[in-house]
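The values are calculated or read from the model by the stated rules, or taken from the named source; none is laboratory data. None of these values were measured; they are calculated from a predicted model. Ideal geometry is used to build each Cβ from the backbone, glycine not excepted, and the neighbour counts take in all protein chains shown. Please note that ligands, DNA and RNA were not included when accessible areas were found on the heavy atoms of the full protein model with its side chains. Shrake-Rupley method; radii C 1.70, N 1.55, O 1.52, S 1.80 Å.
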Amino acid sequence: MIIQVLVLVFGLVLLVKGADWLVDGASVLAKKNNVSDLAIGLTIVAFGTSAPELVVNSIASAGGSPDIVFGNVIGSNNFNLFIILGIAGLIVPLSVQSSTVWKEIPFSLFAAIVLLVLANNLFSDNAASLSWVDGIILLALFTIFLYYVFTQLKSDPSADSVPQKDYSNKKIWGFILFGLAGLVIGGKLVVDNAVAMAQSLGVSEKIIGLTIIAAGTSLPELATSVVASLRKNNDIAIGNIIGSNIFNIFLILGVSSLISPLEYKIDFNTDIYILLGGTAFLFIAMFTGKRKSLDRWEASILLLTYLAYTVYLISKEI
């Protein structure tokens, strides 16, 4: 047990340092290529911080553990939304661009609705599941999202409000690649050891997926968004979370269901409703208090909601 704790701590250190390098490299890359931090946050950073979910879910899908697949994605998205944006918003109020309010946040809400419809097979009499056809639909929607982001790269030039370091291209990509490696390796070490400790206590796969694995694979997003928030890179802080949530549903569940059809337990619907409610709250928060900003009191509501949600999950297991 002591060795598992030490390895878990080492994984956390890798996650934090990897996030530091990734934000450094991605921010400078954005400025040097005259594209916005938001676009970089929605692509390179979001994909990099979603890599642990992709690795864990691919293994779980191939191994026939659909509860871990769904629990990881839904749990990670809720952790991203409530905990990470909550913490980042407490550090500094997160001001966002108009495109985030009217496009990215609604797209994230749409992704959760699509998952609810497809997983429950609302338009067919088949048992609740994600088939390979559903996987193709999810990946097609992911392609549309990527097309939108890359159109933003051309039409949304970078602002010069935040001073940036000047790195060579070799150093920039070194930071990004080593940062991604630290995130993936650190995330796997954290998850593997956390799961091993949880299983020794007899916790169900669903709860492991929704809590320990979800939190573990979301640590890269947490580290990245907190570091970005401290550096006042609000577009990377929030773009990373919105982008990761969209990646998780469209890309990761799409790939997972292509590897193997995934049986879906309707108990997960409650967790998707929490995700839908949280995303809708984030959209409404853009019009309350300071406009186009997640204020500290709104971030506090997100954190308190997740605390109540966690108590609810634990109470169901007792």
- Item | Complete set of residues in the range 205-262 that are open to solvent by 10 Å² or more (accessible area, probe 1.4 Å) and among the charged types (D, E, K, R) | 205, 206, 231, 232, 235
- Message: Based on this model, can you work out whether residue 23 counts as among the hydrophobic types (A, V, I, L, M, F, W, C), modelled with pLDDT under 75 and surrounded by fewer than 21 Cβ atoms within 10 Å (Cβ to Cβ)?
- Response: no
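Report those helices (runs of 4 or more DSSP H) wholly inside the range 194-279 carrying at least 2 residues which are modelled with pLDDT of 90 or more and of a type in the set (Val, Ile, Thr).
253-259
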- Contact list, first residue from the range 54-78 and more than 17 Å from residue 270 (Cβ to Cβ), second anywhere and aromatic (Phe, Trp, Tyr) and open to solvent by 30 Å² or more (accessible area, probe 1.4 Å), beta-carbon distance below 9 Å, six or more apart or interchain, is 54/47
- Message: One residue is enough: does the range 113-125 have a residue meeting the conditions within 23 Å of residue 270 (Cα to Cα), aromatic (Phe, Trp, Tyr) and open to solvent by 50 Å² or more (accessible area, probe 1.4 Å)?
- Response: yes
- Could you list, in sequence order, all residues of the range 77-133 that are assigned to a loop (DSSP other than H, G, I, E, B) and among the aromatic types (Phe, Trp, Tyr)? 123
- Query: Would the range 256-276 turn up any residue that is out of contact with any helix residue (DSSP H, G or I) (no Cβ under 8 Å at 6 or more places or on another chain), among the polar types (S, T, N, Q), free of Cβ contacts under 8 Å to residues at least 24 places away in the same chain and on the phi < 0 side of the Ramachandran plot?
  - Reply: yes
- Give me the pairs, please: first residue somewhere in the range 1-16 and closer than 13 Å to residue 181 by Cα, second residue anywhere and in a helix (DSSP H, G or I) and open to solvent by 90 Å² or more (accessible area, probe 1.4 Å), beta-carbon distance under 8 Å, and either six or more positions apart or on two chains. 11/185; 11/188; 14/185
- Output for Cβ contacts, cut-off 9 Å, separation at least six or different chains, first residue touching a residue at least 40 places away in the same chain (Cβ under 8 Å) in the range 292-304, second among the hydroxyl-bearing types (Ser, Thr, Tyr), reads 292/95; 292/98; 292/100; 293/95; 294/95; 295/288; 298/288
- Can you pull out the residues in the range 193-225 that are touching a residue at least 12 places away in the same chain (Cβ under 8 Å) and more than 22 Å from residue 242 (Cα to Cα)? 193, 194, 195, 196, 197, 198, 203, 204, 205, 206, 207, 208
- Counting just the residues of the range 270-318 that are closer than 17 Å to residue 238 by Cα and polar (S, T, N, Q), which one comes out surrounded by the most Cβ atoms within 10 Å (Cβ to Cβ)? 279
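Scan 179, 187 and give me the residue that is at pLDDT below 75, buried (at least 19 other Cβ atoms within 10 Å of the Cβ) and either assigned to a helix (DSSP H, G or I) or not small (Gly, Ala, Ser) (or both). Before you say what the answer is, go through the steps one by one.
Working: 179 fails: at pLDDT below 75.
The conditions single out 187.
From 170, 165, which residue is under 26 Å from residue 43 (Cα atoms) and modelled with pLDDT of 70 or more? Step through it out loud before you land on a result.
Numbers: 165 fails: modelled with pLDDT of 70 or more.
Unique residue meeting the criteria: 170.
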- Message: Every residue in the range 126-139 that is open to solvent by less than 50 Å² (accessible area, probe 1.4 Å), out of contact with any Gly (no Cβ under 8 Å at 6 or more places or on another chain) and small (Gly, Ala, Ser), please.
- Response: 128, 129, 131
- Query: On the given criteria, is residue 70 aromatic (Phe, Trp, Tyr), open to solvent by 10 Å² or more (accessible area, probe 1.4 Å) and in contact with a helix residue (DSSP H, G or I) (Cβ under 9 Å, 6 or more places away or on another chain)?
  - Reply: no
